[in-house]
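Structure first, then comments.
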């Protein structure tokens, strides 16, 4: 585990309640600036709007999973606004993607709508990039502050700028393939404390064509991860999210690189290693 993990693992996962719930329009009916200020008063520290938004985002997307997993997801948003969208605004990403005048613009809330009271993951009526419907935990607020102030190294998630949960998909292997072929988004590889079945980390690489040798290698590596056994990091002290038994965390992922080399070829693997050294892919 990275050394910084131990500095954050002890923060409580107690919710910093805002007093607001998602309404019938799919919005948390409150001014985001006021919510951030109120959270800061409760904690007795300054909480910026970006930090509060980032904490709501990770709480809504992955709850209070392992510290590394939450940091990886936070860095997805940071990297996306910096390197993909070029806005540097973490608040704009989840709050202002709708056109001016849209009823959900400028409010926190969910991505998916509901049918007969049950969340329908196939629907996205609110036009949001990610969910921000849940009030943040103390732990996630402190992590968000650490991510933004540089206390947590910016390269932990290897440049990933998007994530999703394969465990909710019918065909995770096909999903990895389509991300590479259709979006030029590739799995960044194993991260300590992060379960790729729950939150697979993708990096947008527009200069890597999916039919190139490097692109094929990266796609096959991601497919292999979805065919491998899920890693269980819960036996490690800084990754516990509850009671767990100790198992070997890397049993499934150890074979991923070998499978990618065997399927996509030695040349693709060599290109990958060269790009690693150049800092283009980690």
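FYI, it's all coordinate maths here, none of it is from the lab. Here the structure is a predicted model, which means the values were calculated and not measured. FYI the Cβ positions are ideal-geometry reconstructions off the backbone, even for glycines, and counts take in every protein chain you see.
A few comments on the model shown:
- Span from the region 210-233 Cα centroid across to the region 3-55 one, whole angstrom: 35 Å
- Panel order for 199, 91, 204, 13, by other beta carbons found within 10 Å of each beta carbon, from fewest to most: 13, 204, 91, 199.
- Potential extension, residue 229-residue 212 segment - 0.36 nm per residue separation minus Cα distance: 3.4 nm
- Spin-label pair residue 174-residue 3: with each label point 7 Å from Cα along the Cα-Cβ axis, the two points sit 4.7 nm from one another.
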